[in-house]
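A.B. asks: Sharing a structure with you now.
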Amino acid sequence: MKKKFTLFDVINYALLTALAVVTIYPLIYIVAASFSSVEHINLGDVWFYPKGFTTSAYGKVFEREGIWMAYLNSFFYMFVGTAVCLAVTICGAYPLSKKRLAGRRLINIFVVFTMWFSAGVVPTFLNFKSLGLLNSRFGYIIGFACAAYNFILLRTYFASIPESLEEAAMIDGASDFYIMTRIFVPLALPSLATIALFYAVDKWNGYLWAMILITDDTKLPLQVVLKKLIVDMSGKMDNVAFGVDTSNMYSEETVMYATMVFAILPMLVLYPFVQRYFVKGVMLGAVKG
Amino acid sequence: MSSRAKVGKQKNIGTNRSLMSRIIRDRQLYLILIPFLLYYIIFVYKPMGGILIAFKDYSVYKGIADSPWVGLKYFEQFFNGEYFVRLLRNTSLISLYTIIFSFPAPLILALLLNEVRHAKFKSAIQTCTYLPHFISAVVIAGLVTNFLAPSNGLINNIIRMFGGESIYFLTKPEYFRTIYILMNIWTEVGYGSIVYIAAISAIDMQLYEACEIDGGNRFTKMWHVTLPGILPTIVTLFIIAIGGFLNVGYEKIILLYQPATYETADIISTYVYRIGIEQANYSMSTAVNLFNSVIGFILVSMANYISNKVNDTGLW
């Protein structure tokens, strides 16, 4: 290949750089803003780095009632939720990856159908209600214990593991349960890591169903608390338009930025792993078509 | 197809096992399946029974079974209601703009990335552009709200810097769709490009070499090798996009819209959420959602059928 750097290259590199900057900039901005003083935010002169450096916004976040509880709740929902999801998904994907299983096609259709048709928000809500699982941590976890897409990814992976391994173990008298837990699950670890990350990101970022199902402040995940904060904020923003006194508002704004940083942090820590495995997961999905 | 089925049958006869003995042989596998099936039955299929309330006057006290039947009352109410046209228009327009603008964006990004020769530059761009996909809808909506704030939001700061008047974007119906589409491109363009990059990497290098020998430059290579190479992927994804035409997600919209922008922002799924969860009008909400789901399902089935014909690969 020729190494000449043409005009096209210049434009292409410039475009891509611009895109990357535009994509990343909002995140840089909220970090900068969260460490800036209220006056500078007010003036609107914070661009790339904090002005009037202060950590008072974070201090206020940590003082805020219920924020630690919400953070812990989010971690709880993420870890326990992911573990439950993985267990349930394995229980479905392993048996259904076996071609010899009678009724396999029917059950697969039964599951895949739900990707395109669901009961909808109200019947689902009423179902939780009739089961007595409203406002319940357990209900919120167990009620979303499998995603059909992840099930398909894992099933495809299990099916790609050579059958000869299973046959050899069977000749040695191993049971299906033993073969699954001791041979197939360890071999499927890369795929399990991918779907675990899919689940973890979903659980951490999810807010809608938590908002619908959970009414107790002490059980709410961080995203819902953050949502309330943002709605409060924009409510006050509306007041600006009507000329209502909002002297208190801007200090709230830095607090909101700090809470956002706080909410993104776990994803940023996970991101290097997430990026690698997600790309694999998407490609796996692409190959499957 | 038919010959394959025959072979399958012969095999079954060959192994000479009755259904019962196969079930007994695989009893442990069925046991393993139980938690998975229970989940689907209790939390996914059981609620589908609740769809019946679309045809009933649901009352919380009487429960689903004892509420009186009302036939198509709620469907009629919806079709004749003042919001029907608006909801259908808003949902179709957002879908249409998504297909026109959001759909090609990842493809263009993948093609541009494919022309980058420095591996490190390429992966840096990828790392940056994938990131927003992993940020929650709440934070994204918060960012958008803040950046568009009239008093000290970034966009208005820039507008003022150039001597313009600040605009309160989120209260103006005419801006809502643009904001929503741009936000979606921002969050999904990088992540969406992964599929195309994967497809491009599967193209045989020899085709590029052959094209080069024939005197092709990078544009002819892109046009005659890369694009045809990933055409099946593009067609499949396009058909899926068409199939999901009315299924616009509402997670982000309910965070951004407000009564002032309902005129352009209120779509079927946000309406279902609002009247169902916020106003507790359960039967009406379920009826509207059923209408949306049935149309969505028909569209997906059609898309899948076409995909199987054109592309030889379907969704199922």
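The values are calculated or read from the model by the stated rules, or taken from the named source; none is laboratory data. Quick caveat: nothing in here was measured; it's all calculated off a predicted structure. Glycine gets a Cβ as well: all are built from the backbone with ideal geometry, and neighbour counts include every protein chain shown.
A.B. asks: Within the stretch B:138-166, restricting attention to residues that are of a type in the set (Val, Ile, Thr) and over 31 Å from the mean Cα position of the chain (by Cα), which residue is farthest from B:Tyr262 (Cα to Cα)?
C.D. replies: Residue satisfying both the conditions and the ranking: B:Ile158.
A.B. asks: I'm trying to understand the selection: among the residues of the stretch A:118-154, which are more than 9 Å from chain B (Cβ to nearest Cβ), within 18 Å of A:Met211 (Cα to Cα) and buried (at least 22 other Cβ atoms within 10 Å of the Cβ)?
C.D. replies: Within the stretch A:118-154, just A:Tyr140 meets the criteria.
A.B. asks: Follow-up question, since we're still on this one. Can you go through B:Leu148, B:Leu96, B:Leu72 and tell me which one is surrounded by 15 or more Cβ atoms within 10 Å (Cβ to Cβ) and hydrophobic (A, V, I, L, M, F, W, C)?
C.D. replies: Among B:Leu148, B:Leu96, B:Leu72, only B:Leu148 is surrounded by 15 or more Cβ atoms within 10 Å (Cβ to Cβ) and hydrophobic (A, V, I, L, M, F, W, C).
A.B. asks: Kindly check whether there is at least one residue in the stretch B:146-158 that is without any contact (Cβ under 8 Å) to a residue 12 or more places away in the chain, out of contact with any Gly (no Cβ under 9 Å at 6 or more places or on another chain) and either not small (Gly, Ala, Ser) or not assigned by TED's automatic domain parsing to the domain that holds B:Gly249 (or both).
C.D. replies: No: the stretch B:146-158 contains no residue that is without any contact (Cβ under 8 Å) to a residue 12 or more places away in the chain, out of contact with any Gly (no Cβ under 9 Å at 6 or more places or on another chain) and either not small (Gly, Ala, Ser) or not assigned by TED's automatic domain parsing to the domain that holds B:Gly249 (or both).
A.B. asks: Sort out which residues of the stretch B:262-294 are β-branched (Val, Ile, Thr) and either within 26 Å of A:Ile214 (Cβ to Cβ) or at pLDDT below 90 (or both), and write them in order of number.
C.D. replies: The answer is B:Ile267, B:Ile268, B:Thr270, B:Val272, B:Ile275, B:Ile277, B:Thr286, B:Val288.
A.B. asks: Give B:Ile253, B:Ile298 a once-over and let me know the one that is aliphatic (A, V, I, L, M), out of contact with any Leu (no Cβ under 9 Å at 6 or more places or on another chain) and either surrounded by fewer than 20 Cβ atoms within 10 Å (Cβ to Cβ) or at the interface with chain A (Cβ under 9 Å from one of its Cβ atoms) (or both).
C.D. replies: Exactly one of B:Ile253, B:Ile298 is aliphatic (A, V, I, L, M), out of contact with any Leu (no Cβ under 9 Å at 6 or more places or on another chain) and either surrounded by fewer than 20 Cβ atoms within 10 Å (Cβ to Cβ) or at the interface with chain A (Cβ under 9 Å from one of its Cβ atoms) (or both), namely B:Ile298.
A.B. asks: Right, something else. Given the criteria at pLDDT 70 or above, within 24 Å of A:Ser36 (Cβ to Cβ) and touching a helix residue (DSSP H, G or I) at 6+ places or on another chain (Cβ under 8 Å), does A:Val224 qualify? Break it down into steps so the answer makes sense when it comes.
C.D. replies: Values: at pLDDT 70 or above: yes; within 24 Å of A:Ser36 (Cβ to Cβ): no; touching a helix residue (DSSP H, G or I) at 6+ places or on another chain (Cβ under 8 Å): yes.
So A:Val224 fails the test.
A.B. asks: Moving on. I'd like the residue in the stretch B:99-123 that is exposed (fewer than 15 other Cβ atoms within 10 Å of the Cβ), assigned to a helix (DSSP H, G or I) and facing chain A (nearest Cβ under 10 Å) and, out of all such residues, is farthest from the chain's Cα centre (by Cα).
C.D. replies: Ranking the candidates gives B:Ser123 first.
A.B. asks: Hey, among the residues in the stretch A:22-39 that are at the interface with chain B (Cβ under 8 Å from one of its Cβ atoms) and without any contact (Cβ under 8 Å) to a residue 60 or more places away in the chain, which one's surrounded by the fewest Cβ atoms within 10 Å (Cβ to Cβ)? If you could, list the steps in order and put the result at the bottom.
C.D. replies: Pass one, the stretch A:22-39, residues at the interface with chain B (Cβ under 8 Å from one of its Cβ atoms): A:22-24, A:26-27, A:29-30.
Restricting the remaining residues to those that are without any contact (Cβ under 8 Å) to a residue 60 or more places away in the chain gives A:22-24, A:26, A:29.
Working: A:Val22: 12, A:Thr23: 20, A:Ile24: 15, A:Pro26: 20, A:Tyr29: 18.
Looking at the filtered set, the residue picked out is A:Val22.
A.B. asks: Looking only at the stretch B:145-166, how many residues end up being in contact with a helix residue (DSSP H, G or I) (Cβ under 8 Å, 6 or more places away or on another chain) and more than 9 Å from every other protein chain (Cβ to nearest Cβ)?
C.D. replies: 4
A.B. asks: Scan A:Leu43, A:Leu72 and give me the residue that is hydrophobic (A, V, I, L, M, F, W, C), within 30 Å of A:Tyr257 (Cβ to Cβ) and modelled with pLDDT under 85. Write out each step before concluding.
C.D. replies: Working: A:Leu72 fails: modelled with pLDDT under 85.
On inspection, the qualifying residue turns out to be A:Leu43.
A.B. asks: Another question, if that's okay. Which one is nearest to A:Phe177 (Cα to Cα) among residues in the stretch A:57-101 that are within 12 Å of chain B (Cβ to nearest Cβ) and among the β-branched types (Val, Ile, Thr)?
C.D. replies: The qualifying residue nearest to A:Phe177 (Cα to Cα) is A:Ile90.
A.B. asks: Could you check the stretch B:177-290 for helices (runs of 4 or more DSSP H) lying wholly inside it with 2 or more residues that are in contact with a helix residue (DSSP H, G or I) (Cβ under 6 Å, 6 or more places away or on another chain) and free of Cβ contacts under 8 Å to residues at least 24 places away in the same chain? Walk me through how you get there before you give the answer.
C.D. replies: Values: elements: B:205-213, B:218-221, B:227-243, B:253-256, B:262-265, B:268-273.
Output list reads B:205-213, B:268-273.
A.B. asks: Follow-up. Looking only at the stretch B:210-234, count how many residues are of a type in the set (Asp, Glu) and either outside the structural domain of B:Ala124 (by TED's automatic domain parsing) or exposed (fewer than 12 other Cβ atoms within 10 Å of the Cβ) (or both).
C.D. replies: Looking only at that region, the number is 1.
A.B. asks: Considering only residues that are in contact (Cβ under 8 Å) with a residue 40 or more places away in the chain and in a loop (DSSP other than H, G, I, E, B), which ones fall in the stretch A:48-97?
C.D. replies: Answer for the stretch A:48-97, where residues must be in contact (Cβ under 8 Å) with a residue 40 or more places away in the chain and in a loop (DSSP other than H, G, I, E, B): A:Arg64, A:Gly66, A:Ser97.
A.B. asks: Inside the stretch B:274-291, can you point out the residues that are within 25 Å of B:Ser102 (Cβ to Cβ) and either among the basic types (Lys, Arg) or surrounded by fewer than 22 Cβ atoms within 10 Å (Cβ to Cβ) (or both)?
C.D. replies: B:Arg274, B:Phe291
A.B. asks: Has the stretch A:185-201 got at least one residue that is within 12 Å of chain B (Cβ to nearest Cβ) and more than 23 Å from A:Phe75 (Cβ to Cβ)? Give the steps one after another, and end with the answer.
C.D. replies: In the first step, residues of the stretch A:185-201 are kept if they are within 12 Å of chain B (Cβ to nearest Cβ); the result is A:185, A:197-198, A:200-201.
Subset that is more than 23 Å from A:Phe75 (Cβ to Cβ): A:185.
Yes; the residues of the stretch A:185-201 include at least one that is within 12 Å of chain B (Cβ to nearest Cβ) and more than 23 Å from A:Phe75 (Cβ to Cβ).
A.B. asks: Considering the stretch B:44-73 alone, what residues qualify as being in contact with an Asp or Glu (Cβ under 9 Å, 6 or more places away or on another chain) and either among the polar types (S, T, N, Q) or part of a helix (DSSP H, G or I) (or both)?
C.D. replies: Result: B:Ser59, B:Ser67, B:Lys73.
A.B. asks: For the stretch B:211-226, check the following and say yes or no: at least one residue is within 30 Å of the chain's Cα centre (by Cα) and closer than 25 Å to A:Asn205 by Cβ.
C.D. replies: No: the stretch B:211-226 contains no residue that is within 30 Å of the chain's Cα centre (by Cα) and closer than 25 Å to A:Asn205 by Cβ.
A.B. asks: Could you tell me which numbered condition A:Ala145 fails, if it satisfies all but one of (1) assigned to a helix (DSSP H, G or I); (2) touching a Cys at 6+ places or on another chain (Cβ under 7 Å)?
C.D. replies: A:Ala145 satisfies all of (1) assigned to a helix (DSSP H, G or I); (2) touching a Cys at 6+ places or on another chain (Cβ under 7 Å) except (1).
A.B. asks: Right, here's the next one. Within the stretch A:235-289, how many residues are within 7 Å of chain B (Cβ to nearest Cβ) and modelled with pLDDT under 70?
C.D. replies: Qualifying residue count for the region: 7.
A.B. asks: With respect to A:Leu43, determine if the residue is away from every other protein chain (no Cβ under 11 Å) and surrounded by fewer than 16 Cβ atoms within 10 Å (Cβ to Cβ).
C.D. replies: no
A.B. asks: Among the numbered criteria (1) more than 26 Å from the chain's Cα centre (by Cα); (2) surrounded by 23 or more Cβ atoms within 10 Å (Cβ to Cβ); (3) at pLDDT 90 or above, which one does A:Ile90 miss?
C.D. replies: (1)
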